[in-house]
Amino acid sequence: FERTAVTVRTPADNPISPDPAIRRAGIDANKRALDCCAAAGVTHLGGPYHSALGEFTGQGPTEDEWRRGVESMQEVAQYADQVGVTMALESLNRFELYFLNTHADSARFAREVDHPRCKIMYDTFHAHIEEKHVGRAVEACGDMLGHVHISGNVRSTPGAGNVRWDENFDAVRKLDYDGWLTSEALGLAVRE
């Protein structure tokens, strides 16, 4: 029986922060999450733990933030390897964070981290908001695809709404992806 898990980072433990103490708190929090995964038999840790959820600067990511993010995730990826958990970094839409919004950016980021335990997650909900072409978004994931979240455009179960399911699943199939497809249906009472 396999399990997956999700975690997030906050402004207090943001791995791309200019403050070294906050970056260290983010790295350490990610390592603790990986320890919990290993203890619970979790194989993949997904989520936007590359930067702080809900924190905005009013501009796009800077080169310094990108560099700090890559350096932080390189340390976390080495630790993930030690505990036997694969990271699946999740890009989120621009209304939730500003650091990794597209799957192409996430794949480029993971390639720069350059560790076999650092992969990305494809998420149909966020793709529906951010991507101009779903097939190309999945294709951009390429060899970095490590996990897939399936969710309707209103965070519902697949089958209704505006997500083009056939296009999503056909694109994932073309990658010969043979991993997790996790339904992320959050219901109607999601709080801010």
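Starting from the Cα-Cα distance between ASP176 and GLU96, subtract it from 0.36 nm times their residue separation and give me the gain in nm to one decimal.
Using 0.36 nm per residue and subtracting the Cα-Cα distance, I get 25.8 nm.
Give me the net charge of TYR49's neighbourhood, meaning all other residues with Cβ under 10 Å from the Cβ of TYR49; Lys, Arg count +1, Asp, Glu -1.
-1
Run the quick spin-label model on TRP165 and ALA38: label points 7 Å from Cα toward the beta carbon, then report their separation in nm to one decimal.
Taking the simple label geometry, TRP165 and ALA38 are separated by 3.9 nm.
Rounding to the nearest 10 and keeping the result within 0 to 90°, find how far the Cα-based axis of helix 63-83 lies from the longest principal axis of the chain.
90
Going by average Cβ neighbours within 10 Å, how do the peptides 41-54, 166-179 rank, with the highest at the top?
41-54, 166-179
With runs of 4+ DSSP H residues as the only contributors, calculate the mean residue ellipticity of the chain at 222 nm using -39,500 (n - 2.57) per run, divided by the residue total and rounded to the nearest 500.
-13000 deg cm²/dmol
If you place +1 on the Cβ of every Lys and Arg and -1 on the Cβ of every Asp and Glu, how big does the dipole about the Cα centre of region 22-105 come out, in debye to the nearest 20?
140
Angle between the Cα long axis of helix 20-40 and the longest principal axis of the chain, 0 to 90 degrees, nearest 10?
That helix lies at roughly 60 degrees to the long axis.
Near MET87, within a Cβ-to-Cβ distance under 9 Å, what is the net charge of the other residues, with Lys and Arg +1 and Asp and Glu -1? Present the calculation step by step, with values, prior to reporting the outcome.
Values: positive: ARG117, LYS119; negative: none.
That sum, taken over residues with Cβ under 9 Å, equals +2.
Counting only residues 5 or more places away or on other chains, whose amide H sits under 5 Å from the amide H of VAL6 once H atoms are built in the peptide plane?
GLY46
Measuring from label point to label point, each 7 Å out along Cα→Cβ, what is the GLU71 to HIS115 span in nm?
1.5
Amide H to amide H under 5 Å from SER51: which residues, 5+ apart in sequence or cross-chain, H placed 1.01 Å off N in plane?
Those lying under 5 Å, H to H, from SER51 are ARG9.
Given the peptides 82-95, 125-138, arrange them by the average over their residues of other C-beta atoms within 10 Å, most packed first.
Details: 82-95: 21.2, 125-138: 19.0.
Highest mean packing first, the order is 82-95, 125-138.
Let me check I've understood the local charge: for ARG3, count other residues with C-beta under 15 angstrom from its C-beta, Lys and Arg +1, Asp and Glu -1. What total comes out?
Its environment carries a net charge of -3.
Starting from the amide H of THR86, placed 1.01 Å from N in the peptide plane, find each other amide H under 5 Å away whose residue is 5 or more places distant or on another chain.
HIS44, LEU45
Read-outs throughout are calculated quantities, based only on the coordinates presented, and are distinct from any laboratory measurement. Everything numeric in this text was worked out from a predicted model, so none of it was measured. Glycine gets a Cβ as well: all are built from the backbone with ideal geometry, and neighbour counts include every protein chain shown.
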